[in-house]
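Accompanying notes for the structure given below.
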Amino acid sequence: MILQALDQYYQRKTTGEDVELSPFGFERKSIPVILEIDSNAELVQIRVTDPKQDPDAAEYIVPQGEKKTSGIAANLIWDNVEYALGIDTRGKPERVAKQHKAFIERIHQLGEPAISDQGIQVLLEYLEKFDPDSLKQGPYWELLKTNPNLSFRLQGDTGLICQRTAVIKSLSSSAVTDSPPALCLITGEPSTPERLHPAIKGVWGAQTSGANIVSFNLDAFNSYGKTQGYNAPVSQNASFAYTTALNHLLRKGSQQRIQVGDASTVFWSERSDPLEQDFQSIWGATPKSIKDDPDKFTEAVKSVLSAVQRGHLSADRARKRFYVLGLAPNAARISIRFWIVGTVAEISHRTSQYFKELDIVHPDQESGFLPLFRLLVNIAVLGKSENIPPNLAGEVMRCILTGNPYPYILLAAAIRRCKAEQSVNYPRAALIKACLNRNQSMEEIKVSLDKDNLSPAYRLGRWFAVLEKIQEEANPGINATIRDRYYGAASANPVSVFATLMKLKNHHLSKLDHPGRKTNFEKLLGEIFSAVPADLPANLSLQDQGRFAVGYYHQRQDFFNKRNHDDQGESA
């Protein structure tokens, strides 16, 4: 299913007006150095493009590269300086000589009529008489010593020699046919299987040279005596199609990839759709991306929410399939972290549901929409992204987009950070609320203070917030409150703490100068305590600790809102 969807995406990107991908046998490659030669096989100029300043200018469509191993494998009419020109850059002259010989032999393997093409003839003549010393005095020698990729252009042509028509025709007709055909698992048509699938590059943490989704390197993976790609036959065209499509999605600067924990995540729809642009803005939002464009994340979320709430999704758009693929490194292979398939309507609805579940009262300066990255960082040790549990981010994304309950570890991590930091902040309160409501399939926790919520744990959280507020008003400017000392114990083992807190409460109330304020606090405590059992629970379950945290947060925010309202009233 994954490979079929990628193959279909390749077909979409190579037909009609939506052409972005390379034809069969070719790939996009960064070629920073171009040697231009004239019809007399003389070097006219060296063109250097700086990929740091102009990434697009350094990318060319070239014949698909060979898998580089410890052996010698030359690319066709493009490669690094050692292969293409035979210049030794690492003190291994004998190996470089063999590499350069393989480069020239690879050109000869094109056969007729390609070998008779003017561009090929001129190139072979240039390579035959090329003298490395001729470049050592030039302005680009320092760059060439770094062994960059290079290719060749015939003077007067707009394209490279490797892009000439004769080369394209030769490659399109040079598919391996000496093996018996088999039914391709992607297309279902009989064809010659690809022995080694092209490498996938761009997966964070995987080998820089690339890794594979489909590969066999041990006898245990083979069956019925079939080895390598013949064990799971995929045609050469289909293998090229799915790997080209995936490399395109994973490329640097791609608008269709995000990083979710350790999972490099790509997404696409079966036909072009605005959700392809909005998806990255919503799920890939980071502090840096929001700082660069503060409104992009909010506008993308509002776009999806509006389409769902107002029914702006047309029937045709709603039925489009949308794919989300999470990839993680696994030695020389790539593992599938998650694979989500849904319609545009389903993905949009679940995105809307996710933000609805997170909706909770918050300070005015905070955004009403919380990026996933910010939520995950707030449950990580020291608030560092590298401390996010590696599998958790991908699992959370899968649950959001499939509508499944959130993993138990997500709620546990949020509560653990609340207790470790003795603090319930906006992101953690929102996350706890979302976990409790979704996992129980009901809206138990409201957006703001719910005085009708009779949960003892929720009431205890409110109670703790009131006791803290009394202490703050009794001791203006206090540096540390009961939260800094007792929050962890109060939220997990109430019976062991609240007796002490009530004694402190009496002491703090006696210090209040305003009798009416003291009476209001006593009434509020009585109203809250009416739903709390006389025998306080010895322990609270994880879910009840979550209710305690949200109850505490709601009550604190209610105090802030009332204070702001009172301040505005006085100023009016």
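Looking at the stretch 468-477, is at least one residue small (Gly, Ala, Ser) and either outside the structural domain of Gln555 (by TED's automatic domain parsing) or within 30 Å of Pro389 (Cα to Cα) (or both)?
To start, the set of residues in the stretch 468-477 that are small (Gly, Ala, Ser) comprises 474, 477.
Narrowing further to those that are either outside the structural domain of Gln555 (by TED's automatic domain parsing) or within 30 Å of Pro389 (Cα to Cα) (or both): none.
Looking for residues that are small (Gly, Ala, Ser) and either outside the structural domain of Gln555 (by TED's automatic domain parsing) or within 30 Å of Pro389 (Cα to Cα) (or both), one finds none in the stretch 468-477, hence no.
Within the stretch 397-407, is there a residue that is under 17 Å from Val304 (Cβ atoms) and touching a His at 6+ places or on another chain (Cβ under 8 Å)?
So far as the stretch 397-407 goes, no, none of its residues is under 17 Å from Val304 (Cβ atoms) and touching a His at 6+ places or on another chain (Cβ under 8 Å).
Can you name the condition, by its number, that Thr481 falls short on among (1) of a type in the set (Val, Ile, Thr); (2) assigned by TED's automatic domain parsing to the domain that holds Lys511; (3) under 13 Å from Phe548 (Cα atoms)?
The one condition Thr481 does not meet is (3).
Which of the following residues is of a type in the set (D, E, K, R) and part of a helix (DSSP H, G or I): Lys505, Lys446, Lys451?
Working: Lys446 fails: part of a helix (DSSP H, G or I); Lys451 fails: part of a helix (DSSP H, G or I).
That would be Lys505, the only listed residue that is of a type in the set (D, E, K, R) and part of a helix (DSSP H, G or I).
Can you tell which of Leu160, Leu124, Leu144, Leu154 is more than 16 Å from Ala41 (Cα to Cα) and of a type in the set (A, V, I, L, M, F, W, C)? Quick ask: steps written out before the conclusion?
Numbers: Leu160 fails: more than 16 Å from Ala41 (Cα to Cα); Leu124 fails: more than 16 Å from Ala41 (Cα to Cα); Leu154 fails: more than 16 Å from Ala41 (Cα to Cα).
The unique qualifying residue is Leu144.
Of the residues Phe240, Phe216, Phe221, which single one is at negative phi, modelled with pLDDT of 80 or more and aromatic (Phe, Trp, Tyr)?
When all the criteria are applied, what remains is Phe240.
When the stretch 474-493 is examined, which residues are found to be under 21 Å from Leu449 (Cα atoms) and not aromatic (Phe, Trp, Tyr)?
Going residue by residue through the stretch 474-493, those that are under 21 Å from Leu449 (Cα atoms) are 483, 487, 490-491.
Hits for the stretch 474-493 are Arg483, Ala490, Ser491.
Name every residue in the stretch 397-433 that is within 16 Å of Arg337 (Cα to Cα), crowded, with 19+ Cβ neighbours inside 10 Å and out of contact with any helix residue (DSSP H, G or I) (no Cβ under 6 Å at 6 or more places or on another chain), in order of residue number.
Met397, Arg398, Cys399
Give me the residue from the stretch 21-41 that is not in a loop (DSSP other than H, G, I, E, B) and not aliphatic (A, V, I, L, M) and, out of that set, surrounded by the most Cβ atoms within 10 Å (Cβ to Cβ).
Phe26
I'm trying to understand the selection: among the residues of the stretch 474-516, which are within 23 Å of Val532 (Cβ to Cβ), at pLDDT below 85 and of a type in the set (D, E, K, R)?
Listed by number, the residues that qualify are Lys503, Lys505.
Starting from residues that are over 19 Å from Thr69 (Cβ atoms) and acidic (Asp, Glu), keep the ones in the stretch 171-213 and report whichever is modelled with the highest pLDDT.
Across the stretch 171-213, the extreme among qualifying residues is Glu189.
Just one of the numbered conditions (1) surrounded by 13 or more Cβ atoms within 10 Å (Cβ to Cβ); (2) touching a helix residue (DSSP H, G or I) at 6+ places or on another chain (Cβ under 8 Å) is not true of Pro533; which one?
Pro533 satisfies all of (1) surrounded by 13 or more Cβ atoms within 10 Å (Cβ to Cβ); (2) touching a helix residue (DSSP H, G or I) at 6+ places or on another chain (Cβ under 8 Å) except (1).
For the list (1) part of a loop (DSSP other than H, G, I, E, B); (2) over 19 Å from Ile31 (Cβ atoms); (3) small (Gly, Ala, Ser), I need the number of the one condition that Ala97 fails.
Among (1) part of a loop (DSSP other than H, G, I, E, B); (2) over 19 Å from Ile31 (Cβ atoms); (3) small (Gly, Ala, Ser), Ala97 violates only (1).
Between residues in the stretch 509-531 that are assigned by TED's automatic domain parsing to the domain that holds Asp558 and residues that are surrounded by 15 or more Cβ atoms within 10 Å (Cβ to Cβ) and outside any helix (DSSP H, G or I), which pairs lie under 7 Å by C-beta distance while being six or more apart or on different chains?
Listed pairs, sorted by first residue: Lys518/Leu512.
Would you please list the contacts, defined by Cβ atoms under 7 Å and residues six or more apart or on different chains, that run from a residue in the stretch 374-393 that is in the same structural domain as Ser289 (by TED's automatic domain parsing) and closer than 18 Å to Lys291 by Cβ to a residue that is in a helix (DSSP H, G or I) and at pLDDT below 85?
Val377/Gly383; Val377/Ser385
Within the stretch 301-314, is even one residue among the hydrophobic types (A, V, I, L, M, F, W, C), within 19 Å of His349 (Cβ to Cβ) and in contact (Cβ under 8 Å) with a residue 60 or more places away in the chain?
The answer is yes; a qualifying residue exists.
The values are calculated or read from the model by the stated rules, or taken from the named source; none is laboratory data. Quick caveat, the model's predicted, so the values are computed rather than measured. Ideal geometry is used to build each Cβ from the backbone, glycine not excepted, and the neighbour counts take in all protein chains shown.
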